[in-house]
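K.L.:
This is the structure I want to talk about, given as structure tokens.
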Amino acid sequence: QDARGHRGGDRHAQGRDAGDPVVALVLREYLGPLKEAGVDTLVLGCTHYPLLKQVISTTIGTDIVLVDSAEETAREVVAVLDRCGLRRTSGHPGSEMFFVTDIPIKFVQTGSRFLGHEMKNVKLIDIM
């Protein structure tokens, strides 16, 4: 839900590359009113927004601070792991396992863009 109370405003941009003209058009439409309203900070609260961070920054301008919720969450996870003595200290790589409740191939496609490599160990689960 965006600041104006609209739900799913970015559905036309989801799954598209950041350079897609549709993305730029949708961002101008949805970010324009926020810019005109004089917001000084914009929180990227949805999981796929970091993929659009550069084009969002270009669209909204340099006078508005972007807060990347993914980066903030990662920092907090590191802090919690450190506090609990659970942070991995060896140089050996860990393993990845992903559990999803929706279409695994869609998750793999989007997640691979985030991680920069193909996601392999993805399992569909039912939580009900």
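The values are calculated or read from the model by the stated rules, or taken from the named source; none is laboratory data. Given the structure is predicted, the values throughout are model-derived calculations rather than measurements. As a convention, Cβ positions derive from the backbone with ideal geometry for all residues, glycine included, and neighbour counts pool all protein chains shown. For accessibility, only protein heavy atoms count, side chains too; no ligands or nucleic acids. Shrake-Rupley method; radii C 1.70, N 1.55, O 1.52, S 1.80 Å.
K.L.:
Just give me the residues in the stretch 52-69 being open to solvent by 50 Å² or more (accessible area, probe 1.4 Å), within 18 Å of PHE114 (Cα to Cα) and not basic (Lys, Arg), in sequence order.
P.N.:
GLN54
K.L.:
All but one of (1) open to solvent by 60 Å² or more (accessible area, probe 1.4 Å); (2) at pLDDT 95 or above hold for ALA79, so report the exception by its number.
P.N.:
Here ALA79 meets the rest and fails (1).
K.L.:
Let me ask something additional. Filter the stretch 88-117 for residues that are loosely packed, with under 11 Cβ neighbours inside 10 Å, not basic (Lys, Arg) and not in a helix (DSSP H, G or I) and give the result.
P.N.:
Within the stretch 88-117, THR89, SER90, GLY91, HIS92, PRO93, GLY94, SER95, MET97, ASP102, ILE103, GLY116, HIS117 qualify.
K.L.:
Please enumerate the residues belonging to the stretch 17-38 that are assigned to a helix (DSSP H, G or I), at pLDDT below 85 and either open to solvent by 80 Å² or more (accessible area, probe 1.4 Å) or among the acidic types (Asp, Glu) (or both).
P.N.:
Answer for the stretch 17-38, where residues must be assigned to a helix (DSSP H, G or I), at pLDDT below 85 and either open to solvent by 80 Å² or more (accessible area, probe 1.4 Å) or among the acidic types (Asp, Glu) (or both): just PRO21.
K.L.:
Within the stretch 39-87, how many residues turn out to be of a type in the set (D, E, K, R) and assigned to a strand (DSSP E or B)?
P.N.:
So the answer is 1.
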